[in-house]
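Reading through the structure tokens given below for one structure.
The values are calculated or read from the model by the stated rules, or taken from the named source; none is laboratory data. This is a predicted model, so every value here is computed, not measured. Note that we place each Cβ from the backbone using ideal geometry, even for glycine, and neighbour counts take in every protein chain shown. SASA here: full protein model, heavy atoms, side chains in, ligands and nucleic acids out. Shrake-Rupley method; radii C 1.70, N 1.55, O 1.52, S 1.80 Å.
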Amino acid sequence: MERLDKFLCDCGVGTRSQVKAIIKAGRVTLDGAVERDSGRKFDPATQAVALDGEPIKSRGSVVVMLNKPAGYVTATEDKNEKTVMELLPAEYKHLELRPVGRLDKATEGLLLFTNDGELLHRLISPKQKVPKRYYARHEGTATAEDVAAFAEGLALGDGTKCLPAVLEPIGAGESYVTVCEGKYHQVRRMLASRNMPVFYLERQQEGTLTLGNLERGQVRELTQTEISLLLQDGKMTKEL
Ligand code: URA
């Protein structure tokens, strides 16, 4: 059983106070009868809710992609810093979205959010080997030995062992790095361990998803097709 106001919020109808006003105004029906009690409990699986005569369906899993700008920490709240949650438009605020993994404050690019706990777990688990591709500007120039060391699995300065990763030198001071795990400051530490400290880092791809033409600071919701592609094992664009 679920409260009517919470259900309508989760369906994206509005914020809790907007939804309460909509219900009070007599615009919502439950099994065809006007329901003005926001706290009314009902069973979404068997009972029909409508707003202004239009049936409302549960939204299920929502996944949102953000093109993160630098300067925001990946956290749901922080006393001192701006968080990525501040970049979500109002229509997503009540959906209880959580960031999928994290990007450092200075890192830009693709960051997903979801309200689906299972999806979150699958995307961040190293077992699922979801490849994440980064563009990095760094000191020095990556060599064939660096590429081989990444492929083998680097040991970081503190002894942390990384899973095999792909380093693709682009030219002087520029490379792509693809990893399938998300250790703390991983890409920065991997490149630094090969004497290539990073100046700039952007995540460009996660599994099958790319930023496309999504502008910095903007968000878009994934389609159900994109969500199911993300979840299909062996469908990732880059096998590591
Ligand atoms: N690796 C990093 O070093 N930073 C990020 O934000 C993501 C991956």
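For segment 186-196: of the residues being more than 11 Å from the ligand (Cβ to nearest atom) and out of contact with any Ser or Thr (no Cβ under 8 Å at 6 or more places or on another chain), which is most open to solvent (accessible area, probe 1.4 Å)?
Keep residues of segment 186-196 that are more than 11 Å from the ligand (Cβ to nearest atom), which gives 193-196.
If we keep only those that are out of contact with any Ser or Thr (no Cβ under 8 Å at 6 or more places or on another chain) as well, we get 193-195.
Working: Ser193: 50, Arg194: 76, Asn195: 127 Å².
Across segment 186-196, the extreme among qualifying residues is Asn195.
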Unmet criterion (only one of (1) in contact with a strand residue (DSSP E or B) (Cβ under 9 Å, 6 or more places away or on another chain); (2) part of a helix (DSSP H, G or I); (3) touching a residue at least 40 places away in the same chain (Cβ under 8 Å)) for Asn67: (2)
Per the filter on segment 70-100, residues at pLDDT below 95 and under 12 Å from the mean Cα position of the chain (by Cα) are Leu97, Arg98, Val100
Please state which one of Ala142, Ala136, Ala149, Ala172 is open to solvent by 50 Å² or more (accessible area, probe 1.4 Å) and touching a residue at least 24 places away in the same chain (Cβ under 8 Å). Ala172
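So how many residues does segment 95-111 have that are away from the ligand (no atom under 13 Å from the Cβ) and either touching a Gly at 6+ places or on another chain (Cβ under 8 Å) or assigned to a helix (DSSP H, G or I) (or both)?
In the first step, residues of segment 95-111 are kept if they are away from the ligand (no atom under 13 Å from the Cβ); the result is 95-98.
After this cut, where a residue has to be either touching a Gly at 6+ places or on another chain (Cβ under 8 Å) or assigned to a helix (DSSP H, G or I) (or both) as well, the list is 95.
So the answer is 1.
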When residues of segment 165-185 are filtered for being away from the ligand (no atom under 16 Å from the Cβ) and in a loop (DSSP other than H, G, I, E, B), how many remain? 2
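Name the residue, out of Lys82, Lys41, that is surrounded by fewer than 19 Cβ atoms within 10 Å (Cβ to Cβ) and farther than 30 Å from Leu123 by Cβ. Even if it seems obvious, please write down each step before you answer.
On the way: Lys82 fails: farther than 30 Å from Leu123 by Cβ.
Step by step, each of Lys82, Lys41 is checked, and only Lys41 is surrounded by fewer than 19 Cβ atoms within 10 Å (Cβ to Cβ) and farther than 30 Å from Leu123 by Cβ.
Would you check if there is a residue in segment 223-234 being in a loop (DSSP other than H, G, I, E, B), in contact (Cβ under 8 Å) with a residue 24 or more places away in the chain and surrounded by fewer than 18 Cβ atoms within 10 Å (Cβ to Cβ)? Outline the logic, then answer.
Taking segment 223-234 and keeping what is in a loop (DSSP other than H, G, I, E, B), we get 223, 232-234.
So of that shortlist, the ones also in contact (Cβ under 8 Å) with a residue 24 or more places away in the chain come out as 233.
Add one more test, that the residue is surrounded by fewer than 18 Cβ atoms within 10 Å (Cβ to Cβ), and what stays is 233.
Within segment 223-234, one or more residues are in a loop (DSSP other than H, G, I, E, B), in contact (Cβ under 8 Å) with a residue 24 or more places away in the chain and surrounded by fewer than 18 Cβ atoms within 10 Å (Cβ to Cβ).
Here's the yes/no breakdown for (1) on the phi < 0 side of the Ramachandran plot; (2) part of a loop (DSSP other than H, G, I, E, B):
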{"residue": "Asp5", "(1), (2)": "yes, no"}
{"residue": "Gly12", "(1), (2)": "no, yes"}
{"residue": "Ala45", "(1), (2)": "yes, yes"}
{"residue": "Lys57", "(1), (2)": "yes, yes"}
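Kindly provide the set of residues from segment 85-98 that are open to solvent by less than 100 Å² (accessible area, probe 1.4 Å) and without any contact (Cβ under 8 Å) to a residue 60 or more places away in the chain, ordered by number.
Filtering segment 85-98 for residues open to solvent by less than 100 Å² (accessible area, probe 1.4 Å) gives 85, 87-90, 92, 94-95, 97.
Within segment 85-98, Met85, Leu97 qualify.
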Go through (1) within 29 Å of Glu35 (Cα to Cα); (2) crowded, with 19+ Cβ neighbours inside 10 Å; (3) not charged (D, E, K, R) for Val64 and report which single condition fails. (1)
Of all residues in segment 3-38, which are within 27 Å of the chain's Cα centre (by Cα) and surrounded by 16 or more Cβ atoms within 10 Å (Cβ to Cβ)? Asp5, Phe7, Leu8, Cys9, Asp10, Cys11, Val13, Gly14, Val19
Tally of residues being modelled with pLDDT under 95 and open to solvent by less than 10 Å² (accessible area, probe 1.4 Å) across segment 197-208: 2
